[in-house]
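Here the structure comes first, spelled out in structure tokens, and everything after it is commentary.
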Amino acid sequence: MIDVRLRDASGRIAAKKLRKEGRVPAILFRSGSRAGEHISLALKDIERLVTKHGHVGVGTRVLKMRFEGTDRAEDVIAKQVHLTMGTGVVENATFMPVEPTTEVNVDVPVTFIGEDVCPGVKQGGFPWVMRRSVPVKCQVKDIPRVFNIDVSNFSVGKVVFLKDLHVPESVKLRLDNMMTPVFSMSRPGRGG
């Protein structure tokens, strides 16, 4: 649950004032609409979500948005969360209202399990992550939280391609080349 407030003012000066108050400017865009509703939310709330789910992962979660001072509440997903370069502080965010059957394009994070016990690392190999997220298209109810890749038994030279990911049938990858590499256990002294 995130509490938001409607805001009238927009622009750089209004955003600066909001940030001084510990709030983040945001916009709620409806599908097919060019103009969105200007809202703000507490910086601590959005940073808590980014910390918990990751910068990309927060976009795979359906969030309940409650409008302060009203009975209005909506399910939304974060379409974009902009971080300040260098500090990683949330600068602004864009949300989209959704229903379970709403079709969306989202980036799903890729996580790697078992690097600490990977034989390739013990052989002097270097784990080379080529994609930290994968773009998909699906209904909101089918959004994968994450694509996990277990590298605990990978030897030097092992490569994981898009085709190797376990993608549910209801989810379509938005990349055409299924031979796009996602991870490689690189050879010692080589970059891939």
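Data for the structure
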| read-out | value |
| --- | --- |
| Among (1) part of a loop (DSSP other than H, G, I, E, B); (2) open to solvent by less than 30 Å² (accessible area, probe 1.4 Å), the one test that Asp176 misses | (2) |
| Candidates Val121, Val90, Val160, Val151 - the one that is of a type in the set (Val, Ile, Thr), within 27 Å of Phe29 (Cβ to Cβ) and surrounded by 15 or more Cβ atoms within 10 Å (Cβ to Cβ) | Val90 |
| Elements of type strands (runs of 3 or more DSSP E) contained in region 74-143, each with 3 or more residues being in contact with a strand residue (DSSP E or B) (Cβ under 7 Å, 6 or more places away or on another chain) and aliphatic (A, V, I, L, M) | 90-97, 103-113 |
| Those residues of region 66-124 which are touching a helix residue (DSSP H, G or I) at 6+ places or on another chain (Cβ under 9 Å) and hydrophobic (A, V, I, L, M, F, W, C), in sequence order | Ile77, Ala78, Val81, Leu83, Val89, Val90, Ala93, Val98, Val104, Val106, Val108, Val121 |
| Options Gly57, Gly69; residue that is open to solvent by 60 Å² or more (accessible area, probe 1.4 Å) and modelled with pLDDT under 95 | Gly69 |
| Residues that are in contact with a Pro (Cβ under 6 Å, 6 or more places away or on another chain) and part of a strand (DSSP E or B), drawn from region 21-73 | Ser40 |
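The values are calculated or read from the model by the stated rules, or taken from the named source; none is laboratory data. Computed from a predicted structure; not experimentally measured. Cβ atoms come from the backbone with ideal geometry, glycine included; neighbour counts cover every protein chain shown. Accessible surface is based on the protein model in full, side chains and every heavy atom, while ligands, DNA and RNA are left aside. Shrake-Rupley method; radii C 1.70, N 1.55, O 1.52, S 1.80 Å.
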